[in-house]
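What follows is a set of notes on a single structure, which appears directly below.
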Amino acid sequence: MKSNPIANLGNTGLYVLTDIGRMTLFLLKAFRGIFRQPFRLKELVRQVNFIGVGSLSVIFFTAASTGLVLGLQGYYSLNKFGAEGMLGSAVSLTLIMELGPVLTALMVAGRAGSAMCAELGIMRISEQIDALDCMAVDPFRYLITPKFIAALISVPLLTVIFDVVGIAGGYVAGVSLMDVSPGSYIEGMRSSVTNHDIRLGIIKSFVFALLVVWICTGRGYFVREIRGAGFGAESVSRVTTQAVVLSSISVLVFDYLLTAVLL
């Protein structure tokens with residue numbers, strides 16, 4: 001029997017609309033859990049430790065390598081115009097406004113986001129979440145809300161650490177390796193970076209944190225409803241991969257949108 005392309009298109013459209021509505025309600029319920037008592041402070045601390053402290057090493061090495069590369073590439077480009085003194089400005093603005101928030105969110109999505117999605121997916125297929133519903137325990141307040149709050153706390157702080165380490169890496173590459181004047185590097189950074197630039201980077205980090213935790217937890221929570229995910233462990237693996245890809249793409253798309261609107 002031949003498939004009807006119009007029917008397939010309609011089914012796909014209905015699935016997309018249903019998924020958007022399902023994820024929107026999921027987000028609202030997750031934020032509603034903030035105001036429901038009792039508040040799970042111990043779980044929040046555990047999630048902050050997992051998302052934030054656990055990601056420090058990967059953030060540090062990513063920031064250091066990014067700063068070193070920016071210092072070398074920036075010097076190579078600016079040297080053609082005799083503007084080596086602007087290296088500090090170029091490195092700091094690039095990190096604070098763009099690479100810091102984006103790379104931090106991507107690292108968190110790959111490390112913590114995938115783990116959160118897999119955890120919730122396994123709990124769903126093993127009916128642990130259904131058991132919470134049967135015991136009249138709100139799964140959002142118990143499982144989802146602490147992850148949301150922890151991500152909104154951890155990712156902006158990790159972004160700040162990324163910026164500082166990256167700027168230090170650019171300083172090492174420019175000053176120690178390329179003999180750029182330390183004073184010109186610091187003065188270029190001080191004179192070019194404004195409060196607006198810092199505010200833009202912080203806003204981006206909050207938005208990216210929300211996108212990553214929303215998509216990753218939502219995909220895991222609704223693992224049974226994801227079309228083409230399969231069954232059992234296979235569904236968890238496929239949905240986890242999908243969650244990381246979707247959250248990464250969303251970060252890149254919203255990076256452009258936020259830059260276009262707020263710059």
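Here, each number is a calculation from the coordinates, and none is a lab measurement. Note that the structure is predicted; figures quoted are calculated from it, not measured. Every residue, glycine as well, gets a Cβ built from its backbone with ideal geometry; the counts of neighbours run over all protein chains shown.
A few comments on the model shown:
- DSSP H segments from the chain that extend 27 Å or more along their own axis, Cα-based, with Kyte-Doolittle mean of -1.0 or above: 5-32, 56-79, 145-171, 195-221, 232-262
- Rg and Dmax [Cα atoms of segment 24-142; Å; Rg one decimal, Dmax integer]: 21.2, 70
- Projected area averaged over orientations for segment 129-263, convex hull of C-alpha atoms, nm²: 11.5
- Prolate is the label for segment 38-104, because a/c, from the alpha-carbon gyration tensor with a ≥ b ≥ c as root eigenvalues, is 1.5 or above and a/b exceeds b/c.
- Choice from CYS216, CYS117, CYS134 showing the highest fluctuation, given a GNM over the chain with Cα pairs closer than 10 Å: CYS134
- Fluctuation leader among MET189, MET135, MET116 - the chain, Gaussian network, Cα springs under 10 angstrom: MET135
- Available extension along the chain between SER57 and LEU14 is 11.2 nm, counting 0.36 nm per residue and deducting the alpha carbon span.
- Kirkwood's formula applied to the C-alpha pairs of segment 77-120 gives a hydrodynamic radius of 12.6 angstrom.
- If you run the Gaussian network model on the chain, springs between alpha carbon atoms under 10 Å, then out of VAL137, VAL180, VAL193 the most flexible one is VAL137.
- Using the alpha-carbon positions of the chain, Rg (one decimal) and Dmax (whole number) come out as 21.7, 75 Å.
- In the chain, helices alone account for a calculated mean residue ellipticity at 222 nm of -25000 deg cm²/dmol, with every DSSP H run of four or more residues adding -39,500 (n - 2.57).
- Sparsely packed loop sites in segment 189-263 (the chymotrypsin sites (Phe, Trp or Tyr not before Pro) outside DSSP H, G, I, E and B with at most 16 other Cβ atoms within 10 Å) comprise PHE231.
- Cα-derived Rg to Rh of segment 202-257, Kirkwood definition: 1.06
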